[in-house]
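Working notes, beginning with the structure itself.
The values are calculated or read from the model by the stated rules, or taken from the named source; none is laboratory data. As the structure is a computational prediction, the values presented were derived from the model and not from experiment. As a convention, Cβ positions derive from the backbone with ideal geometry for all residues, glycine included, and neighbour counts pool all protein chains shown. Side chains are part of the model used for accessible areas, which takes the heavy atoms of the whole protein and leaves out ligands, DNA and RNA. Shrake-Rupley method; radii C 1.70, N 1.55, O 1.52, S 1.80 Å.
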Amino acid sequence: MTGASELRVPTPRRYVMCEPKYFTVEYSINPWMDPSQPVSAELAVKQWTELVDTYRRLGHRVETIRPVPGLPDMVFAANSGTVVDGRVLGARYRASQRTAEADHYRRWFLDHGYRDVVMPTAINEAEGDFAWTGGLLLAGTGFRTDPAAHAEAQEVLGVPVVSLQLVDPRYYHLDTALFVLQQGPSAHLAYYPEAFSPGSQRVLARLFPDAIIASAADAGCLGLNGVSDGKNVVLPMEATHLAERLINQGYEPTFVDIAELRKSGGGPKCCTLEIHG
Ligand code: ARG
């Protein structure tokens, strides 16, 4: 689309991230995780550090939380909080192996001056299943976050929530199948329709008729687990087809290697909790 690039304006973001110092795959709670495959925490740290450097180079602020031994998935910061306009809704994990992470993040928010921190009563994997468009909170369910958490998020955060049903176990979190490219009243998204139920596909088509429709190959490398600042889009390096579509729409893809973290079912977005507003 000629001229589209003039419309794309990057805005500086604030991210919270956790170094994968104790990263491993020793249990399996999604189809990507195979505990019999070798995993290198050292390589995961290297890839994560490059992701942090990429964000800083793009002008974003990255704050970090100290990793805790015995919590190998703590690197996936996106699952630990949904923050909109200073209000924080914490996490409640479905898998017992991750339960303890929620309180470490809760304390991080309190230690960093957030007064309005609410812990959910329903299973809630935060930005794993919640995507803020700037006006709506898109909310996934089907594998992790309980539908009751959608109503709770609406009440606690005071934002309108749109529930979406996930149907493919490989795309167990909303952020593995959809991401927001540009926030605002006419938000722009990319998503993989086949990850959603027929009704949810129709909801997405109705709300976001101009969205970029991703292919099976885009989704299969966790390409939808991208992070956009409105112009620069950080993507797994294998997501070349999606990158081309983004360039045609005026975005600028930046590739990162997240192969080690993908062994746990995670990509750039999973590692990145965004403080919205
Ligand atoms: N191994 C983690 C889990 O299954 C990966 C979480 C990825 N995070 C995300 N936001 N999709 O819970």
Among (1) open to solvent by 10 Å² or more (accessible area, probe 1.4 Å); (2) away from the ligand (no atom under 11 Å from the Cβ); (3) touching a Pro at 6+ places or on another chain (Cβ under 7 Å), there is one condition GLY90 misses while meeting the rest; what is its number?
(1)
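Out of the residues in segment 140-171 meeting the condition of being small (Gly, Ala, Ser) and open to solvent by less than 10 Å² (accessible area, probe 1.4 Å), tell me which one is nearest to ALA239 (Cα to Cα).
Quick first cut of segment 140-171, residues small (Gly, Ala, Ser) only: 140, 142, 148-149, 151, 153, 158, 163.
Filter once more, so that each one left must be open to solvent by less than 10 Å² (accessible area, probe 1.4 Å): 140, 149, 153.
On the way: GLY140: 22, ALA149: 31, ALA153: 31 Å.
It comes out as GLY140.
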Within segment 114-137, residues under 12 Å from the mean Cα position of the chain (by Cα) and more than 13 Å from the ligand (Cβ to nearest atom) come out as TRP132
From the options GLY277, GLY226, residue that is of a type outside the set (Phe, Trp, Tyr) and surrounded by fewer than 19 Cβ atoms within 10 Å (Cβ to Cβ)
GLY277
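Whether any residue in segment 172-185 is part of a helix (DSSP H, G or I), touching a helix residue (DSSP H, G or I) at 6+ places or on another chain (Cβ under 9 Å), surrounded by fewer than 23 Cβ atoms within 10 Å (Cβ to Cβ) and charged (D, E, K, R) is what I want to check. Let's see the steps before the verdict.
We begin by selecting, within segment 172-185, every residue part of a helix (DSSP H, G or I); these are 174-176.
From what's left, touching a helix residue (DSSP H, G or I) at 6+ places or on another chain (Cβ under 9 Å): 174-176.
Now restrict to residues that are surrounded by fewer than 23 Cβ atoms within 10 Å (Cβ to Cβ): none.
For segment 172-185, residues part of a helix (DSSP H, G or I), touching a helix residue (DSSP H, G or I) at 6+ places or on another chain (Cβ under 9 Å), surrounded by fewer than 23 Cβ atoms within 10 Å (Cβ to Cβ) and charged (D, E, K, R): absent.
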In segment 10-33, what residues are within 26 Å of TYR114 (Cα to Cα) and either of a type in the set (S, T, N, Q) or near the ligand (Cβ under 9 Å from one of its atoms) (or both)?
THR11
Only residues that are surrounded by 13 or more Cβ atoms within 10 Å (Cβ to Cβ) and free of Cβ contacts under 8 Å to residues at least 40 places away in the same chain: list them for segment 206-218, please.
PHE208, ALA211, ILE212, ILE213, ALA214, SER215, ALA217, ASP218
Only residues in segment 170-199 that are free of Cβ contacts under 8 Å to residues at least 12 places away in the same chain count as the first member; pair them with residues that are surrounded by fewer than 20 Cβ atoms within 10 Å (Cβ to Cβ), Cβ under 7 angstrom, at least 6 apart or cross-chain, and list the lot.
none
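To keep it simple, each residue is scored yes or no on (1) acidic (Asp, Glu); (2) within 16 Å of the ligand (Cβ to nearest atom); (3) under 15 Å from ILE29 (Cβ atoms).
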residue	(1), (2), (3)
HIS60	no, no, no
GLU63	yes, no, no
VAL68	no, yes, no
VAL84	no, no, no
Among the residues listed as LEU43, LEU58, LEU7, the single one being open to solvent by 30 Å² or more (accessible area, probe 1.4 Å), in contact (Cβ under 8 Å) with a residue 60 or more places away in the chain and touching a strand residue (DSSP E or B) at 6+ places or on another chain (Cβ under 7 Å)
LEU58
